[in-house]
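In what follows, a single structure is set out as structure tokens and then discussed.
Bear in mind that the values in this text are calculations on the coordinates, not laboratory data. Note that the structure is predicted; figures quoted are calculated from it, not measured. No Cβ is skipped: glycine too gets one built from the backbone with ideal geometry, and neighbour counts run over all protein chains shown.
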């Protein structure tokens with residue numbers, strides 16, 4: 001597995017930041033961001049970004065951290081359109 005800008009790709013989520021965000025792994029998410037991972041990286045299941053993945057699974061602390069680190073709340077894609085819509089729907 002590689003860290004930072006050369007993010008591991010593959011699996012159900014498409015990349016490590018997406019997986020860590022969706023599964024609620026705060027420390028891993030934070031480490032990946034500190035190593036330089038793009039907080040708006042595209043994935044597979046949640047196609048438009050880790051923010052939508054965290055939001056859809058109710059991981060609000062991770063969602064807040066991603067926003068503070070520059071995640072685009074208006075990025076479009078996935079089943080819900082964007083993270084704002086997901087957050088308005090509540091925990092999934």
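Remark: the residue 34-residue 85 segment gains 15.6 nm on full extension, using 0.36 nm per residue and subtracting the alpha carbon distance.
Peptides 17-23, 70-76 ranked from most to least packed by the mean count of surrounding Cβ atoms within 10 Å: 17-23, 70-76.
The peptide list 52-62, 29-39, put in order of mean Cβ contacts within 10 Å with the highest first, becomes 52-62, 29-39. Label-point separation (nm) for residue 67 and residue 27, each offset 7 Å from Cα along Cα-to-Cβ? Going from the residue 67 label point to the residue 27 one covers 2.6 nm.
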